[in-house]
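The values are calculated or read from the model by the stated rules, or taken from the named source; none is laboratory data. It should be emphasised that the depicted structure is a prediction, and the values quoted were computed from it without experimental measurement. Positions of Cβ are backbone-derived with ideal geometry, glycine not excepted, and every protein chain shown enters the neighbour counts.
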Amino acid sequence: MGAQNIHLRKTKSHRKHASFRRIFVWYCIGILGVTLSITCLLELVLLFWYLAQRRGMPVESVSSLNEFSRWPALSLPLAVLSVTILFFAWRMGRQVSQPVSELMRAVEMIRQRDLDFTINYSAPNELGDLCGAFNELRHELQESLEREWHQQEEMRIMIAALSHDLRTPVTIIQGHIEGIARTEAGEKRNRRLERYLPVLQASSQRMTRLLNDMLLVSALEQTSLIIQPQPVELEQELARKVHIYTLQAASSDITFQYRFQNAVADVSLVMLDLHRIEQVLDNLFENAIRYTPTNGQIYLTCTRDVRSLVFVLRDSGSGISPADMPHVWEKFYHGHASPNEKHQKTTGLGLYTCKLLVERHGGYITLRNHPAGGCEVTVYLPAIQHIVKK
């Protein structure tokens with residue numbers, strides 16, 4: 001399991017850091033302004049009261065009135081300033097407490113391995129930006145954990161499938177080897193060895209094929225596989241593959257037909273990763289052999305023009321059921337075999353591997369049930385570079 005990288009959106013720190021400074025500046029201005037306004041208003045009220053009380057008072061009572069009014073006049077600014085500071089501190093506390101509380105709640109939920117939460121605070125200040133970044137972090141972390149869980153689940157399924165598929169050839173090899181070991185040297189042992197060797201060879205080849213399929217899928221999914229196009233004599237290489245396919249089809253009493261259509265007659269070489277394209281064609285042909293009945297037909301057509309290379313492989317089998325059609329490209333998917341189909345165990349990686357390989361070439365692959373019966377697979381490879389052989 002590789003380390004997962006988490007990328008957060010880059011914030012404009014200068015603008016966002018200035019916002020809280022503005023809040024403090026405006027709060028200070030507000031404190032001074034409110035204090036000055038209320039103090040002036042109260043002082044005016046006190047002055048009017050003082051003048052009203054002084055009017056008509058005897059001279060000896062004025063001094064006591066002055067003494068009584070002096071302390072309220074001196075203490076009013078301090079009292080108003082204290083009340084104003086407490087009011088603005090309460091407002092600031094409300095602005096800060098909500099995001100801080102939500103952040104603490106989010107940290108506690110992460111500690112409890114619960115990522116199903118969202119911070120709702122989104123004010124245009126640093127705390128709002130921090131909450132937004134925390135939401136992004138939660139989202140990225142959740143996606144990372146889901147990817148890791150998905151990879152672990154796929155690894156578990158792959159190991160289970162590989163163990164299940166390897167059990168049969170390993171059991172066959174072990175049983176035949178034990179049978180040979182229990183037989184005494186001589187003619188009987190030689191006959192048994194001659195009869196068992198093809199079975200042992202087929203079982204070992206099946207094991208190798210299973211392991212190669214798993215390794216290929218793993219390389220394709222981890223993007224470590226590199227497509228390496230090289231100049232290829234396409235018609236000549238296809239003729240070699242067609243000869244092999246013809247012999248394999250004949251051994252199963254199936255007729256194989258091939259047609260090559262070349263719209264670039266003066267070009268003999270084409271840039272192609274032949275090994276990977278052969279893997280695609282081999283997988284498709286093995287599927288066609290598997291699902292084509294005895295005395296059936298398999299047709300392969302290759303069309304080359306200046307812009308693309310197209311392979312079409314069609315068989316005369318029973319086709320794919322509507323229930324299986326949406327899942328044919330899924331990994332480890334095994335379709336529902338019909339009673340008249342040949343029963344052969346598969347890993348469920350053939351079409352999935354073909355799809356990955358074709359997409360690595362920049363092309364696409366499609367599959368459908370042909371109107372005349374059977375299944376038809378089309379492989380489209382675009383922008384094929386042609387080379388004129390000198």
Note to self: When you scan the stretch 318-329, do you find a residue that is surrounded by fewer than 18 Cβ atoms within 10 Å (Cβ to Cβ) and touching a helix residue (DSSP H, G or I) at 6+ places or on another chain (Cβ under 7 Å), even just one?
What the structure shows: yes
Notebook entry, point to check: In the stretch 297-324, what residues are without any contact (Cβ under 8 Å) to a residue 40 or more places away in the chain and within 18 Å of THR353 (Cα to Cα)?
Noted result: ASP324
Next item on the list: Report, ordered by the first and then the second residue, all pairs with beta carbons closer than 9 Å, sequence separation of six or more or different chains, a first member in the stretch 169-193 that is surrounded by 10 or more Cβ atoms within 10 Å (Cβ to Cβ), and a second member that is among the aromatic types (Phe, Trp, Tyr).
Entry: HIS176/TYR196; ILE177/TYR196; GLY179/TYR196; ILE180/TYR196
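Table: residues versus (1) farther than 24 Å from PRO229 by Cα; (2) surrounded by 16 or more Cβ atoms within 10 Å (Cβ to Cβ); (3) outside the structural domain of VAL379 (by TED's automatic domain parsing).
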position: ALA249; (1), (2), (3): yes, yes, no
position: THR255; (1), (2), (3): yes, no, no
position: ILE277; (1), (2), (3): no, yes, no
position: VAL280; (1), (2), (3): no, yes, no
position: TYR291; (1), (2), (3): yes, yes, no
Note to self: Can you tell me which residue is nearest to the chain's Cα centre (by Cα) among those in the stretch 327-351 that are assigned to a helix (DSSP H, G or I) and at pLDDT below 85?
What the structure shows: HIS327
